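Below: the structure, in structure tokens.
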Amino acid sequence: MTAEVPARAVPGMRGPDVGRERDGARPTLVWDVLRDVVAARAAQSGRAALDIVDVGGGTGGFAVPFAALGHHVTVVDPSPDALAAARRRAAEMRVTLTEVQGEADGLDSLVGVDAADLVICHSVLEYVDSPAAAMAAIARVLRPGATVSVLAANVVSAVLQRALAGRYEQARRLLDGEGGDAGLPRRFTLAGLTALIESAGLRAGDAHGIRVFAGLLPAAGADQGTAAELRALEEAAAAYPPLRDIAARLHVLGHR
Ligand SMILES: C[S@@+](CC[C@H](N)C(=O)[O-])C[C@H]1O[C@@H](n2cnc3c(N)ncnc32)[C@H](O)[C@@H]1O
């Protein structure tokens, strides 16, 4: 794997555009958490350039910024269109990604066992055939001491959103696990994500809630006058358990 890093790409690097919310709520939390994870791993391993696998990496919103920081990044995705978009984004930043077409549950056969310092699995478990099989494959890819970053949609937020909109039947069906919205992606609870990580033999680490209030109030943040206040509130709520647990999306680390 290679990552050409133009020197100018690193200073001032502000992280991925992906996840930047219209309302400005916690646009960089996940990036900040992962940058700290990577820095700690680099210090602990004595290797400045780490091996990072972005499974279901889509258009490279996280992969490209990490490649620009000098890491060896592999994007695995079943979609040729997503891989092509990631390649274009990488070219624009003048970095190189390794692209592999394939699915999460075959990750170890695609990139190797004990091959990664960090696996990014963002907004992907919602779509895979079996989250447990995907997480087991991710665990096999992690080196000892390595980390998986999991970001997934929260069913609790979806239930609250529907109830607040007066869609009580849909909310109850979601709560009962009946898939209140047929055809829409799978959703998780924090407990469910934690159990998934631990069932794969990993230790669940820090968890954050992304878009606690903005997830419930679609208009939140539209008022530029209060956007900074909302951002500060989201910042405080992200790691405050009762509020974190109802966020639109849940970010959980798993460590081998
Ligand atoms: C919502 S996008 C998320 C993209 C990116 N991770 C992000 O956070 O922006 C979901 C991605 O998962 C990919 N995907 C779908 N099924 C998958 C599977 N079984 N294994 C791996 N990736 C899959 C899709 O092609 C798509 O690129």
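Of note:
- Estimated inter-spin distance, Tyr240 and Asp176, nm [label 7 Å along Cα→Cβ]: 3.4 nm
- Overall form of segment 184-235 per C-alpha gyration tensor (a/c, 1.5; a/b vs b/c): oblate
- Segment Ala232-Glu198, extension gain: residue separation times 0.36 nm, minus the distance between their alpha carbons: 9.1 nm
- Counting every other Cβ atom within 10 Å of each residue's Cβ, Asp77, Asp108 order from fewest to most as Asp108, Asp77.
- Computed over segment 113-256, relative contact order equals 31 percent, with contacts defined as Cα pairs under 8 Å that lie 6+ residues apart.
- DSSP H segments from the chain that extend 18 Å or more along their own axis, Cα-based, with Kyte-Doolittle mean of 0.0 or above: 29-45
- Stokes-Einstein diffusion for the chain, with the hydrodynamic radius set to the Kirkwood value over Cα pairs and evaluated at 10 °C in a medium of 1.306 mPa s, equals 85 µm²/s.
- Residue order, fewest to most beta carbons within 10 Å, for Thr226, Thr74: Thr226, Thr74
- Look at the alpha carbon pairs under 8 Å that are at least 6 residues apart: their mean separation over the length of the chain gives a relative contact order of 19 percent.
- Between Arg47 and Asp223, the modelled label-to-label distance comes to 5.0 nm, taking each label 7 Å out from Cα in the direction of the beta carbon.
- The calculated 222 nm mean residue ellipticity attributable to helices in the chain amounts to -11500 deg cm²/dmol, summing -39500 (n - 2.57) over DSSP H runs of n ≥ 4 and dividing by all residues.
- Sites matching GluC sites (Glu not before Pro) across segment 155-256 that sit in DSSP coil, with at most 12 neighbouring C-beta atoms within 10 Å: Glu178
- Spacing of the two label points (7 Å from each Cα toward its C-beta) at Tyr127 and Asp206, in nm: 2.7 nm
- Packing-based exposure ordering (other Cβ within 10 Å, fewest first) of Met135, Met93: Met93, Met135
- A Förster distance of 51 Å, applied to the separation of the beta-carbon atoms of Ala39 and Ala165, puts the FRET efficiency at 0.75.
Computed from the coordinates by the stated procedures, all read-outs in this text should not be read as laboratory data. Predicted model only: the values in this text are computed from it and were never measured. Here Cβ is always computed from backbone atoms with ideal geometry, including for glycine, and neighbour counts include all displayed protein chains.
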